[in-house]
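Asks: Quick one: the structure is below, questions incoming.
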Amino acid sequence: IDIQEKIKTISVDNLFQLIEYFGWDIKAEDFYPSFEACQLIVNCSKHGTGPALEKLLNKYPLYIKDSWRSKILISSPNIFDDFRFDISNENIEEFSDSIIKFWEHFPENLKINANCQPPTWLKKYLI
């Protein structure tokens, strides 16, 4: 598999590592927490319990109703997925704004950050 094929299948976390390697520390942006919460909510909607829900509960528990029940689901994956989101219209606006800001702030040109090591997953493709 070549690097162009690999990039099409990487996780969002790996994508952000790659973007940081090319000079933009997206996690330092003021919109990032809302952007990340939105991405985690979308993953939870798509996949149910799993790593995204666990990360959402740890970092942004305000978006989950009955957080204690969801924590039980993570430790007992055989229990029926019954977590519910607690998202307001204001939250939807914040998510929308963070997506717009992501594209507005995305650098026109990216270059390798000399102060940043390549992501571990990328190193095997850099020969």
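The values are calculated or read from the model by the stated rules, or taken from the named source; none is laboratory data. Quantities reported herein were computed from a predicted structural model and do not represent experimental measurements. Here the Cβ is made from the backbone with ideal geometry for all residues, glycine too, and neighbour counts use every protein chain on show. Heads up: the accessible areas ignore ligands, DNA and RNA and are worked out on the full protein's heavy atoms, side chains in. Shrake-Rupley method; radii C 1.70, N 1.55, O 1.52, S 1.80 Å.
Asks: Of everything in the stretch 111-127, what is open to solvent by less than 70 Å² (accessible area, probe 1.4 Å) and within 13 Å of Tyr21 (Cα to Cα)? Give them in sequence order.
Replies: If the condition is that a residue be open to solvent by less than 70 Å² (accessible area, probe 1.4 Å) and within 13 Å of Tyr21 (Cα to Cα), then Asn113, Cys116, Pro118, Pro119, Trp121, Leu122 are the ones that fit.
Asks: So, in the stretch 19-34, how many residues would count as being assigned to a helix (DSSP H, G or I), open to solvent by 40 Å² or more (accessible area, probe 1.4 Å) and over 12 Å from Leu110 (Cα atoms)?
Replies: From the stretch 19-34, those assigned to a helix (DSSP H, G or I) are 19-21, 26-28, 32-34; that's our starting set.
Now restrict to residues that are open to solvent by 40 Å² or more (accessible area, probe 1.4 Å): 20, 27-28, 33.
Retained after the next criterion (residues that are over 12 Å from Leu110 (Cα atoms)): 27-28, 33.
So the answer is 3.
Asks: Within the stretch 48-56, does at least one residue satisfy the condition of being of a type outside the set (D, E, K, R), in contact with a Phe, Trp or Tyr (Cβ under 8 Å, 6 or more places away or on another chain), at pLDDT 85 or above and closer than 20 Å to Lys101 by Cβ?
Replies: No, every residue in the stretch 48-56 fails to be of a type outside the set (D, E, K, R), in contact with a Phe, Trp or Tyr (Cβ under 8 Å, 6 or more places away or on another chain), at pLDDT 85 or above and closer than 20 Å to Lys101 by Cβ.
Asks: Phe16: under 19 Å from Lys101 (Cα atoms), touching a helix residue (DSSP H, G or I) at 6+ places or on another chain (Cβ under 7 Å) and open to solvent by 20 Å² or more (accessible area, probe 1.4 Å), yes or no? Step through it out loud before you land on a result.
Replies: Details: under 19 Å from Lys101 (Cα atoms): yes; touching a helix residue (DSSP H, G or I) at 6+ places or on another chain (Cβ under 7 Å): yes; open to solvent by 20 Å² or more (accessible area, probe 1.4 Å): no.
It is false that Phe16 is under 19 Å from Lys101 (Cα atoms), touching a helix residue (DSSP H, G or I) at 6+ places or on another chain (Cβ under 7 Å) and open to solvent by 20 Å² or more (accessible area, probe 1.4 Å).
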